[in-house]
Structures are given as structure tokens and as C-alpha cells.
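Worksheet for the structure shown next.
The values are calculated or read from the model by the stated rules, or taken from the named source; none is laboratory data. This one's a predicted model, so the numbers in the text were calculated from it and none came from an experiment. So basically every Cβ, Gly included, is an ideal-geometry build from the backbone, and we count neighbours across all protein chains shown.
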Amino acid sequence: AQSVSQHNHHVILSEAASLELGCNYSYGGTVNLFWYVQYPGQHLQLLLKYFSGDPLVKGIKGFEAEFIKSKFSFNLRKPSVQWSDTAEYFCAVTPSGTYKYIFGTGTRLKVLA
Amino acid sequence: EAGVAQSPRYKIIEKRQSVAFWCNPISGHATLYWYQQILGQGPKLLIQFQNNGVVDDSQLPKDRFSAERLKGVDSTLKIQPAKLEDSAVYLCASSFRRTVASTDTQYFGPGTRLTVL
């Protein structure tokens, strides 16, 4: 069955530290990839997405993600986190040509001021 | 533009009772999704509508859950009867997506937090 794995369930960083959150998926075909974020008290919103083209995707608030097809990965990065980045981050995958939307279990990020 | 609206925001019921959730998607969005998010897990798709037709309900527990989107706009998700394990946040999302070949972004509502006692 298709699945999405986020191995880091909880991450604690100090402000200005660099961030990398892992996301791996199991599906052999073409996929569309997303990172969503849920700030405390708010609803899920899109951070960035990859459909095709340049595998390095830039999103809002200085986030970026790199699609590595050979590793079935779509890791999220930010060079320098801020306290306001404290949130839960979800990776999601849609196999191309389907309506299926599969989410990972999420990573809770806490940034210490 | 207005976002995805959901009501109620919170609901507490006893097991074996019934409950219904309502969702109004963003105007013009053809696709509507209902998700169940249990504490500590990612959202799990329950059912997906394309206009008023169901395109995926493979993970909907059909013995107790039902959903409809009669006029291709707003939607209702019902649980009857509720079990303790149904305690979760129920999320509604919508997207403009018109066909399976196209891809676009989902916009989520605030969710309904259900507690079954």
C-alpha cells in the first residue's frame, strides 16, 4: 500500500538553527508532493508543492524542499528557523493520475527563543 | 476570498449517539474532501467528491459513516452510531481540481473536534 513516512516526530531547535525534516514515500510511479503546515490554533495550509521541473522547490517563509526521485524523498529545509516556525509539519503525496491524497504522520517542531 | 467553513467547531457526544458535521467549500471548488485526524496522526482521507459524485470512499467505514454533497456545493458527514474510537478532528478541504489529470492545492477548514464519551 502507498504510504508516507515522516521519521522525525518531534524536533526541538533553537532560533537560527538549521532545519531538515525527512519525508519518504512508497510509490513507484510519478507523484505530486506537498508540505503542509499547521500553526498552533490555525488550520492546515500549504507550505510548498512539487509537480514537475526543478526538483528544488521554494515555498513561503524561507522554506524549501528537494525532491530526490531515486531516494523517494522530499525533505523540507530551512537555513535558519524562527520562533514563529513552531508548528506541525505534514508531508503529503498524490500519485499522478489519481485523486488519492496520502499524508504522513506529521512532525512537531518547537523552536526555542 | 472566503475560506472553507465548517461547523460545529466542537462536539461532545456519548457513544451510540449520532452526530453530523457540515462543510461549505470555497466557491467554485469542484472537489471536496473529508478527513479524519486522530491525535498524533496525519489526516486520513475518508471520502472525496468531484462535484456531487463520489470518487473515493475506500476508507470510509460505511456501516456507520455516511456523507453527501447533494448540489455539488456544501457537504454533510454523519456518524451513526458513534464509537469511542471516532474521537478525532474531522477536516474538510476543497480544491479547484476539475479532472483526475489536473493537480492543485487543497484548502482546509478549521475542523470539527469530536469527543465521544
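Look at (1) loosely packed, with under 15 Cβ neighbours inside 10 Å; (2) farther than 21 Å from B:L45 by Cα and you find that A:S26 fails only one, number (2). For A:V111, state whether it is under 17 Å from A:H9 (Cβ atoms) and either crowded, with 18+ Cβ neighbours inside 10 Å or in contact with a Phe, Trp or Tyr (Cβ under 6 Å, 6 or more places away or on another chain) (or both). Yes. Assuming A:S80 fulfils every condition listed in (1) touching a residue at least 40 places away in the same chain (Cβ under 8 Å); (2) under 22 Å from B:R97 (Cα atoms) apart from one, which condition is it? The number of the failed condition is (2).
So, B:A88, is that one more than 15 Å from B:A5 (Cα to Cα), within 14 Å of another protein chain (Cβ to nearest Cβ) and modelled with pLDDT of 95 or more or not? Yes. As a summary of the residue check, A:V37 satisfies the conditions (1) among the β-branched types (V, I, T); (2) exposed (fewer than 12 other Cβ atoms within 10 Å of the Cβ); (3) at pLDDT 95 or above except for the one numbered (2). Within region B:34-52, restricting attention to residues that are assigned to a loop (DSSP other than H, G, I, E, B), within 11 Å of chain A (Cβ to nearest Cβ) and over 11 Å from the mean Cα position of the chain (by Cα), the residue that is modelled with the highest pLDDT is B:I38. Looking only at residues of region A:42-99 that are of a type in the set (A, V, I, L, M), part of a strand (DSSP E or B) and within 22 Å of B:V89 (Cβ to Cβ), we find that the one that is nearest to the other protein chains (Cβ to nearest Cβ) is A:L46. Residues in region A:100-110 that are closer than 19 Å to A:A1 by Cα and part of a strand (DSSP E or B): A:I102, A:F103.
Are there any pairs, at least 6 apart or on different chains, whose C-beta atoms fall under 9 Å, with the first in region A:43-69 and buried (at least 19 other Cβ atoms within 10 Å of the Cβ) and the second in a helix (DSSP H, G or I), and if so, which? Listed by first residue and then by second, the contacts come to A:L47/A:I60; A:L47/A:K61; A:L48/A:I60; A:F63/A:D85. For region A:17-39, the count of residues that are more than 12 Å from every other protein chain (Cβ to nearest Cβ), on the phi < 0 side of the Ramachandran plot and β-branched (V, I, T) is zero.
Among the residues of region B:66-117, those that are in contact (Cβ under 8 Å) with a residue 40 or more places away in the chain, in a strand (DSSP E or B), closer than 14 Å to B:W34 by Cα and of a type in the set (S, T, N, Q) comprise B:S75, B:T76, B:S94, B:S95, B:T112.
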